[in-house]
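The structure appears below as structure tokens.
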Amino acid sequence: MHIGLISDHTLTHSSQQQVIRQCASALTSLNRFDVHWLLSTDTIAALVRDSALQPADARDLPPTCRYVIPYTLYRLDSIWLIGLEPAFWQDTALHTRLFTFLCLLHREQPFAVLQAWGALSTLYLTVYAANFLHLPGTVFYTRSCLQDGPQQSFLWQWVARHTAMAFTGHTADRAHALRHSPLQPEQIQVFDPEQPGALAVLERNFHDIAKKPLNL
């Protein structure tokens, strides 16, 4: 199964960076998933202390994907890391190029699920791309996203209506999302990787969601 993880520059100095790392590592090492993680180059800089992080040849991506956006390619164990400059996350006008990149990568190496972390604009981009490709798109609501989301009403409502599954890090955050969005209780779960069995539950969720790609 091929999974796309998308996170932006807002997580560079966040504990969520390590949450994504744990998820990606578990999906590849324990479950043999193929994972491409699109992230900011400043997040890569924060990960560079990890001796397992190795530069890769940019030509290892399919030819149709190489010239859409400037990127740097790395390997972290079995995970492919595609680093994009922060401007590509901060400037929503450039999100059309990110969307094109995801579509082209999917055409060459089809995704089963796209999962997003970060700002609401990144969640919207990911879920929109997933829906366009007839894939399930899932999101993780950080606390800053939950606080800022209702101020961007269209994006906030659209993501909640079209995501296949949403996650939060805390029970209180889940309750907040349920109060302030059209999400239904069965659509949103608390995910804490420190809890026993949490990563196994996430893996089962991805398997279950991927089996029902048209139920969006």
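The values are calculated or read from the model by the stated rules, or taken from the named source; none is laboratory data. Bear in mind that the values here come from a model prediction, so they are computed numbers and not experimental data. Ideal geometry is used to build each Cβ from the backbone, glycine not excepted, and the neighbour counts take in all protein chains shown. The protein model used for the area step is the full one, side chains on, heavy atoms only, and it has no ligands, DNA or RNA in it. Shrake-Rupley method; radii C 1.70, N 1.55, O 1.52, S 1.80 Å.
Below is a table of values for the structure above.
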quantity	calculated
Long-range HN-HN contacts of residue 81 with modeled amide H, under 5 Å	37, 74, 75, 76
Residue-wise HN-Hα coupling along the stretch 115-122, computed from phi with Karplus coefficients 6.51, -1.76, 1.60 (Hz; x: Gly, Pro)	10, 10, 10, x, 5, 4, 5, 6
For the chain: rounded, prolate or oblate by the Cα gyration tensor [a/c cutoff 1.5]	rounded
Percent antiparallel among DSSP beta bridges (both partners in the chain, rounded to 5)	25
Accessible surface of the chain [probe 1.4 Å, protein heavy atoms]: carbon and sulfur percent	53
Using alpha-carbon coordinates, inclination of helix 171-180 to the longest axis of the chain, degrees	70
Whole-number accessible area per residue in Å² for the stretch 14-211, which is evaluated in the context of all protein chains at 1.4 Å	45
Gain upon complete extension [residue 109, residue 64; 0.36 nm per residue less C-alpha separation]	15.1 nm
Vicinal HN-Hα couplings computed from phi for the stretch 90-101 (Karplus, 6.51 cos²θ - 1.76 cosθ + 1.60; Hz; Gly/Pro x)	6, 9, 5, 5, 7, 5, 5, 6, 5, 4, 4, 4
Residue 128 accessible area, 1.4 Å probe, all protein chains in place, Å² to nearest 10	100
Point-to-point label distance, residue 189-residue 87, nm (Cα→Cβ direction, 7 Å offset)	4.0
